[in-house]
Amino acid sequence: MTESAPLLSISARAKMDGIVQRLITRAVGDYGMSAATAPVRAASILSLDDQDFRFELIDRLTGGLLAEPRRILEIGCGSAPFLYSALRRGHAALGIDVDYERIRIAELKIDAFGLPETFRGTARLGDATALDFAAGAFDLITSWAVIEHIPDLESALFESVRVLRPGGFIVFTAPDYRGGFEAHYEMPWPPMAPRSVCERWVMAFDKPPGGIGTFFPITYPRVAAALESLGCRIVNAELTLPLDLETTRLLDVHDQAALERTAEMIKGMGARGTLPLSLRGTTVFHVAARKL
């Protein structure tokens, strides 16, 4: 007997909730995620938000690319809030992600929220460094806070350009690790520090080092240079916070004694509420590149 729609919806929601709890537990164990952040992250994973801000950003950076239906590939689609919003807006959109659990949530959303059956299969497991699409298949390749998690970034950028049509756009958003704050750990961060230093840094703040190695210190100049070498022209780029090199120089971690002194200083500034903006907010870059 086929499950009725209400029962199917209830079952799908329960399964989604179980997966989300596993993801949150993992984030707490890897990064020491705060209790205040956990429900916010859970809500974003389960969201069907229309993501207006991302569509507006892409249109602003590209000069109105999404004013008509486009072929879109989202790299790191996660649980598909942007992907499903793009489909609802009439775009021919697909998404890939390496995280099976997030793709499973995307599929469960179709039953949980009564989404069109045509959405099924548009969120797929996939590797950004080996895209299973023909050359020139898309008008737009986009991602949001994903490319910093790709170990072989240049291969992913090569593949993105390969599957983009001439004249099409790449629009990526990611943290710029020249800044002094790390979003996953929610804490001040020594810019471009190697893994061994980062491990000691987070432990000085009583946070777990398990998340070190799940993200990589990328910067806007590195991404822009790679895209230009692959035959793209940068048409727009923005930083959400200006780089404050004087402030980030406060993060002295050149040896263990300096690291421990700096950690105590940062803890004190945090307790007094005197941390400068660049040490309490992520410097993010938005970049739009057009394939020549």
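Please tell me if E107 is free of Cβ contacts under 8 Å to residues at least 24 places away in the same chain, on the phi < 0 side of the Ramachandran plot, in contact with a strand residue (DSSP E or B) (Cβ under 8 Å, 6 or more places away or on another chain) and buried (at least 17 other Cβ atoms within 10 Å of the Cβ).
yes
Mind checking which residues of the range 204-248 are buried (at least 18 other Cβ atoms within 10 Å of the Cβ) and part of a strand (DSSP E or B)?
Result: C232, single match.
Starting from residues that are hydroxyl-bearing (S, T, Y) and under 30 Å from G231 (Cα atoms), keep the ones in the range 170-204 and report whichever is nearest to the chain's Cα centre (by Cα).
If we take residues in the range 170-204 being hydroxyl-bearing (S, T, Y) and under 30 Å from G231 (Cα atoms), then T173 is nearest to the chain's Cα centre (by Cα).
Pairs needed: first member in the range 63-80, β-branched (V, I, T); second member anywhere, part of a loop (DSSP other than H, G, I, E, B) and at pLDDT 95 or above; C-beta distance under 8 Å; at least 6 residues apart or different chains.
Close Cβ pairs satisfying both conditions: I72/H91; I75/A128; I75/V146.
Can you tell me which residue among V284, V253 is surrounded by 18 or more Cβ atoms within 10 Å (Cβ to Cβ), more than 29 Å from E159 (Cα to Cα) and either in contact with a Ser or Thr (Cβ under 8 Å, 6 or more places away or on another chain) or among the polar types (S, T, N, Q) (or both)?
Result of the check over V284, V253: V253.
Checking the condition more than 21 Å from R162 (Cα to Cα), surrounded by 15 or more Cβ atoms within 10 Å (Cβ to Cβ) and not basic (K, R), which residue from E74, E101, E68 passes?
E101
In the range 111-169, what count of residues is obtained for those that are under 21 Å from the mean Cα position of the chain (by Cα) and within 16 Å of R290 (Cβ to Cβ)?
Residues that pass the stated criteria total 11.
When you scan the range 85-102, how many residues do you find that are within 19 Å of D132 (Cβ to Cβ) and of a type outside the set (V, I, T)?
Number of matching residues: 8.
From the list D17, D50, pick out the single residue that is free of Cβ contacts under 8 Å to residues at least 40 places away in the same chain and outside any helix (DSSP H, G or I).
Among D17, D50, only D50 is free of Cβ contacts under 8 Å to residues at least 40 places away in the same chain and outside any helix (DSSP H, G or I).
Mind listing just one residue for me: the one in the range 269-289 that is in a strand (DSSP E or B) and among the hydrophobic types (A, V, I, L, M, F, W, C) and, of those, farthest from the chain's Cα centre (by Cα)?
A289
Residues are listed down the side, and each one gets a yes or a no for (1) assigned to a helix (DSSP H, G or I); (2) closer than 20 Å to P81 by Cα; (3) among the hydroxyl-bearing types (S, T, Y):
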{"site": "S9", "(1), (2), (3)": "yes, yes, yes"}
{"site": "Q21", "(1), (2), (3)": "yes, yes, no"}
{"site": "T25", "(1), (2), (3)": "yes, no, yes"}
{"site": "A35", "(1), (2), (3)": "no, no, no"}
{"site": "P39", "(1), (2), (3)": "yes, yes, no"}
{"site": "S44", "(1), (2), (3)": "yes, yes, yes"}
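Exactly one condition in (1) under 30 Å from D206 (Cα atoms); (2) surrounded by 14 or more Cβ atoms within 10 Å (Cβ to Cβ); (3) among the hydrophobic types (A, V, I, L, M, F, W, C) is not met by A35; state its number.
Status for A35: all satisfied but (2).
With the structure loaded, tell me whether R41 is charged (D, E, K, R), at pLDDT 90 or above, touching a Ser or Thr at 6+ places or on another chain (Cβ under 9 Å) and closer than 30 Å to L66 by Cβ or whether it fails that test.
Taking the combined requirement at face value, the residue does not satisfy it.
Any chance you could count how many residues in the range 51-95 are within 26 Å of G18 (Cβ to Cβ) and over 15 Å from the mean Cα position of the chain (by Cα)?
So the count comes out to 3.
The values are calculated or read from the model by the stated rules, or taken from the named source; none is laboratory data. Values in this document were obtained by computation on a predicted structure and should not be read as measured data. Using ideal geometry, Cβ is built from the backbone for each residue, glycine included, and neighbour counts are taken over all protein chains shown.
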